[in-house]
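Each remark here refers to the structure printed beneath this line.
The values are calculated or read from the model by the stated rules, or taken from the named source; none is laboratory data. Since the structure is predicted, the reported quantities are computational estimates derived from the model, not experimental observations. We place every Cβ from the backbone using ideal geometry, glycine too, and count neighbours over all the protein chains shown. All accessible areas refer to the heavy atoms of the entire protein, side chains included, with ligands and DNA or RNA removed. Shrake-Rupley method; radii C 1.70, N 1.55, O 1.52, S 1.80 Å.
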Amino acid sequence: MTIFLNGEYMPIEEAKIPVLDRGFIFGDGVYEVIPVYSKRAFRLEEHLHRLQHSLDGIRLDNPYSMDEWTAIINKLVAAHQDEDQYLYLHITRGAAKRDHAFPNPPVSPTVFMMSRPLLSPLTALLESGVCAVTATDNRWLRCDIKSIALLPNVLLRQTAVDAGCAETILIRQGIDGEGDFMTEGAASNIFVVKDGTLIAPPKDNLMLPGITYDVILELAAANDIPSLVRKIDVAEVFSADELLMTSSTKEVMSITKLDGKPVGTGKPGAMFAKLHPLYQTFKRDVMRAS
Ligand code: PDD
């Protein structure tokens, strides 16, 4: 498997990084996951834009221009035979003497990218939906940065796996008398459906601004599906008609069981039945047009 590391393409077995890399020592870096359909990166500009936002958030210069990123990505995608892939792109502040403060003078960042086959969710799971659990969102206040420091997400996601479920829905505790509210999943964005309306939490500092989340809201707008973006009270999650989760690797999936109880009818509902095919058509059409 060919990977990209610091300007070079090489077999993954030959890729080496110093143990003092700040990604390894501090989790001091950011990442992106970009889906590739029919060998073309999906929503590349948006992913690179979010990467810039993450880099700005950790005060790290972007090592490449948009054109340079595009060239690297195209070369890596071409080196893999799968039509559908997902790119994992990872940048750290580089290797330096261990000190929390930034290296001064700065050192070269570490830039790593790999591509893996992208497998669509199993048909059986699309038909049955998946189960989720809820947990307190105990992460920091910059969840809009796609940080490689994912220990809270790792622990939260494992809670779902331990319960035989696919995802953990995160509930933030309200402050100053405000009620508890839903932010996102441990590795996905979450939508609530009530009375035919798709409701999404706002893109603020408490959630990752999902690229798939944007596509879903755009598809809703273009297809006369009522949608709202607003804070979602925890009670609305438990009384939802449907719950949907979205991510670059899972696309859109229906959550049909929450904390052991059925969501709505306990089966994927009308909103999922509309949005899933719309997403499939959209991604193939975009790729054909590009
Ligand atoms: N995760 N929220 C969190 C915390 C995520 O980790 C992800 C994606 C999303 C969805 O964002 P997008 O639609 O842009 O993929 C929301 C990726 C897939 C991962 O870490 O593997």
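Descriptive notes on the structure:
- ³J(HN,Hα) computed for each position of region 23-34 - Karplus, 6.51 cos²θ - 1.76 cosθ + 1.60, integer Hz, glycine/proline x: x, 5, 6, 10, x, 8, x, 9, 8, 9, 10, 10
- Positive-end extreme of charge dipole, the chain - chosen from LEU60, VAL36, PRO18 (charges on Cβ): PRO18
- Surface accessible to a 1.4 Å probe, per residue, for the residues of region 1-146, Å²: 52 Å²
- For region 9-16, backbone phi angles converted through the Karplus equation (6.51, -1.76, 1.60; θ = phi - 60°) give residue-by-residue couplings of 9, 7, x, 4, 4, 8, 6, 9 Hz, Gly and Pro being listed as x.
- The lysine pair tally for the chain, using Cα distances under 13 Å and a gap of 8 or more places or different chains, is 4.
- Cα centroid separation, region 204-256 to region 127-161: 16 Å.
- Relative contact order computed over the chain (Cα-Cα under 8 Å; 6+ residues apart), in percent: 18 percent
- Applying the criteria of a DSSP loop state and at most 15 other Cβ atoms within 10 Å to the trypsin sites (Lys or Arg not before Pro) of region 222-290 yields ARG230.
- Dividing the summed helix terms, -39500 (n - 2.57) for each DSSP H run of n ≥ 4, by the number of residues in the chain produces a 222 nm estimate of -9000 deg cm²/dmol to the nearest 500.
- Toward the positive end of the charge dipole of region 70-136, with +1 on the Cβ of Lys and Arg and -1 on the Cβ of Asp and Glu, the farthest Cα among THR92, PRO121, ILE72 is that of THR92.
- Long-range tail of P(r) for the chain (Cα pairs > 31 Å, %): 31 percent
- Cα centroids of region 85-111 and region 1-15: 17 Å apart.
- Fraction of accessible area attributable to carbon and sulfur, the chain (%, probe 1.4 Å): 56 percent
- Close amide H partners of ILE169, meaning residues 5 or more places away or on another chain with modelled amide H under 5 Å apart, are VAL133, THR134, ALA135.
- Remark: the chain carries a charge dipole of roughly 340 debye about the Cα centre, counting +1 on each Lys and Arg Cβ and -1 on each Asp and Glu Cβ.
- A convex hull fitted to the Cα coordinates of region 147-246 yields 112 cubic angstrom per residue.
- Remark: region 84-90, residue by residue, has Karplus-estimated 3J(HN,Hα) of 10, 9, 10, 9, 10, 10, 9 Hz, where x stands for each Gly or Pro and the curve is 6.51 cos²θ - 1.76 cosθ + 1.60 at θ = phi - 60°.
- In this structure, the amide hydrogen of ILE232, modeled 1.01 Å from its nitrogen in the peptide plane, lies closer than 5 angstrom to those of MET182, counting only residues at least 5 positions away or on a different chain.
- Amide H partners (placed H, <5 Å) of LEU118, local residues excluded: ASP84, GLN85, TYR86
- The trypsin sites (Lys or Arg not before Pro) of region 1-68 that meet both conditions, a loop assignment by DSSP and at most 11 other Cβ atoms within 10 Å of the site Cβ, are LYS16, ARG59.
- Debye intensity ratio I(q)/I(0), log10, region 1-136, q values 0.12, 0.17, 0.18 Å⁻¹ (C-alpha model): -0.57, -0.98, -1.05
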